[in-house]
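Quick notes on the structure that follows.
Any read-out appearing in this document is the output of simple, stated calculations on the displayed coordinates, not a laboratory observation. Source: prediction; values computed, not measured. Because the Cβ atoms are built from the backbone with ideal geometry, glycine has one as well, and the counts that use them run over all protein chains shown.
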């Protein structure tokens, strides 16, 4: 009965269903503390994300929790607010609460994080990255390559005055990689970027950055953004300034939030497999905790989604 209620893979599906039905009829509630004592585990996984303001992290957390629930594990969630010190404190707190494993975002962490998890032989998985040389297993995608492909798409439309509104690179390896990918794509085509402006991931910051870029004498004809939230700000500011998108300006995002397909014009963006990352992170930790083989790293694909916010520059359209 206990294995059936715990969702063990060693119990046949029909027997597990009958066990859950019998427990429901009897009003039985399993004692997780007893199970933890027997297994010497808390059956709890910790996860630390930069913020819950961004729906892309919420999407991954939902998938992570769903898979853990099915295996009889609980999820404890903390946020770092893109601060390395906060992440260290959160890791320590999760360990003190007895979690069996931890999910992190990104490949670069304070050295103290490695010390803390090593002291408990704690299984850890990094998400949103495919860093093969990192201290932990990773489940994610190549941020540099994804932004390189996005920027190449914009440049190949014919844009030559291209700027980027990026996330703050300090302490954020994903933002750093995306800036590098942007520069890579332009360098390969002999194009000098108009500017790279780093801002916090908020709509007002996106608007402020776009206002500064669009006020320049060498005003860009395309703005590539480090995520959709910054792009929403850029679209709002272009509208407020009377600049038509994509007639006079192309704008692209990164993440493919649900709202990206509903703004006007719909946002060209890079689809990030957030839910798949959450599910596979859970699979990795469960495999390690159950003594099964676990892949050292999983690289997923980020997909370019072309929508109405991008087009060739006006002069090229006229020539055509």
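Quick check: from the Cα gyration tensor, does the stretch 83-236 come out rounded (a/c under 1.5), prolate or oblate?
Prolate, since a/c reaches 1.5 and a/b exceeds b/c.
Measure out, as a whole number of angstrom, how far apart the alpha-carbon centroids of the stretch 199-252 and the stretch 103-150 sit.
That distance is 31 Å.
Over the stretch 197-320, what is the percentage of antiparallel beta bridges among all DSSP beta bridges, to the nearest 5?
40
Percent relative contact order of the stretch 44-180, based on C-alpha pairs within less than 8 angstrom and at least six residues apart?
Once divided by the residue count of the stretch 44-180, the mean separation gives 21 percent.
With springs only between Cα atoms under 10 Å, which of 247, 106, 46 fluctuates most in a Gaussian network model of the chain?
247
Would you order 77, 249, 286 from fewest to most other beta-carbon atoms within 10 Å of each residue's own beta-carbon?
If I rank by nearby Cβ atoms, fewest first, I get 77, 286, 249.
Take 68, 304, 289 and order them by how many other Cβ atoms sit within 10 Å, fewest up front.
Going from sparsest to densest Cβ surroundings: 304, 289, 68.
Normalised by the residues of the stretch 198-314, what does the relative contact order come to in percent, with Cα pairs under 8 Å and at least six apart?
25 percent.
With a point put 7 Å past each Cα toward its Cβ, work out how far residue 20 is from residue 83 in nm, to one decimal.
4.1
Running a GNM on the chain with Cα contacts under 10 Å, which residue among 155, 170, 275 ends up with the highest mean-square fluctuation?
Its mean-square fluctuation being the largest, the pick is 170.
Going highest first, how would you order 305-314, 139-148, 78-87 by mean Cβ packing within 10 Å?
The packing order, highest mean first, is 139-148, 305-314, 78-87.
Nearest 5 is fine: what % of DSSP beta bridges in the chain come out antiparallel, could you say?
Percent antiparallel among DSSP bridges in the chain is about 10.
Counting other beta carbons within 10 Å of each Cβ, put 216, 279, 12, 20 in order, fewest first.
Final ranking by Cβ density, sparse to dense: 12, 216, 20, 279.
Under a 10 Å cutoff between Cα atoms, tell me which one of 173, 53, 184 has the largest fluctuation in the Gaussian network model of the chain.
Maximum among the listed residues: 53.
Nearest 500 deg cm²/dmol is fine: what mean residue ellipticity at 222 nm does the chain get from its DSSP H runs of n ≥ 4 alone, each adding -39,500 (n - 2.57), divided by its residue count?
-13500 deg cm²/dmol
When only C-alpha pairs under 8 Å and at least 6 residues apart count, what is the relative contact order of the stretch 153-261, in percent?
Relative CO of the stretch 153-261 lands at 29 percent.
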